[in-house]
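Have a look at the structure below, then the notes.
The values are calculated or read from the model by the stated rules, or taken from the named source; none is laboratory data. Keep in mind that what you see is a predicted model, and the values were worked out from it rather than measured. For neighbour counting, all protein chains shown are included, and Cβ atoms are generated from backbone atoms with ideal geometry for every residue, glycine included. SASA here: full protein model, heavy atoms, side chains in, ligands and nucleic acids out. Shrake-Rupley method; radii C 1.70, N 1.55, O 1.52, S 1.80 Å.
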Amino acid sequence: MRLLALLILVAAAEDLTPREGSGWAGFKPGAFVRIKSTRVQTGRMLAPTITKMTLAKADAKTLTLSIEAENALGVSDEAQQAVVSASGEAGPGEKEKVEGPGEEEVVVAGRPVPCDRVQVTVTGAAGKRVITKWIARDPKVIAKRVTVTYDAEGKESARETILLQSLAPEERAVGERKARCVKYATERKDAGYEFKGTAYLSRDVPGGLVWSEDEVMKDGAVLLTQRIEVLGIGTK
């Protein structure tokens, strides 16, 4: 029986999908991430912002995050709190409906990959979000994800797409550690602005995001470039 269990474990596909709870599920209170956000506009770099997010409280339904921001001089703002659902796509006060899975292929790095397709509709007072996920099976990873947001009147207000660039994970430095990451091309349209870039995500990092860079455009012109990078993490 032990040999059979070992063989099953070895044969299981590696899970590279994002953690639930906005990337915080499974971490213990006290886990944190320090993030540096930098913007470059018309050839000049604006002062970076350092943000520390800490998992302050976790229960079966919700996770409470403490968020502190400091400027280049090290001056911190008063900590703010955010509450996210521990599982699923719906936030506190929202409801979700899940449809699927179905089967559909997604082209990753030039080759079709069989995926399980799941659609989640989240409704709340401000409107709804329709999230469609294509999940590759080996390794288990989000191959594509499209989120369409509608306002209270049913009009589309934003659309975000992430598309996997390679089925092979890669290691990136996160402070003094290394994290296994998956690379995505990202695109978002919101309030007349368009964001295009690259993101690296990892289950090893609280919050999930390791590094990203986007060009922000309006009417086809690049307004600025923004970069987010994790400087360090603490896990328990």
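Some notes on this structure:
- Subset of segment 18-31 (residues that are open to solvent by 40 Å² or more (accessible area, probe 1.4 Å) and under 16 Å from the mean Cα position of the chain (by Cα)): P18, R19, E20, S22, G26
- Considering the conditions (1) surrounded by fewer than 16 Cβ atoms within 10 Å (Cβ to Cβ); (2) closer than 27 Å to A185 by Cβ; (3) among the aliphatic types (A, V, I, L, M); (4) under 19 Å from the mean Cα position of the chain (by Cα), V107 is excluded by exactly one of them, (4).
- In segment 105-123, the residues that are aliphatic (A, V, I, L, M), within 30 Å of K155 (Cβ to Cβ) and in contact with a Phe, Trp or Tyr (Cβ under 9 Å, 6 or more places away or on another chain): V106, V118
- All positions within segment 135-158 that are surrounded by 12 or more Cβ atoms within 10 Å (Cβ to Cβ) and more than 15 Å from the chain's Cα centre (by Cα): A136, R137, D138, P139, K140, V148, T149, Y150, D151, E156, S157, A158
- Qualifying residue in segment 214-235 (condition: among the polar types (S, T, N, Q) and either surrounded by fewer than 17 Cβ atoms within 10 Å (Cβ to Cβ) or outside any strand (DSSP E or B) (or both)): yes
- Among the residues of segment 88-103, the ones that are surrounded by 14 or more Cβ atoms within 10 Å (Cβ to Cβ) and either over 11 Å from K133 (Cα atoms) or in contact with a Pro (Cβ under 8 Å, 6 or more places away or on another chain) (or both) come to 6 in all.
- Any chance G124 is touching a Gly at 6+ places or on another chain (Cβ under 9 Å) and surrounded by 17 or more Cβ atoms within 10 Å (Cβ to Cβ): no
- Pairing residues of segment 118-142 that are assigned to a loop (DSSP other than H, G, I, E, B) with residues that are modelled with pLDDT under 95 and among the small types (G, A, S), at Cβ distances under 9 Å and at least 6 apart in sequence or on separate chains, gives A125/G93; A125/A152; A126/A152; D138/A13; P139/A13; P139/A168.
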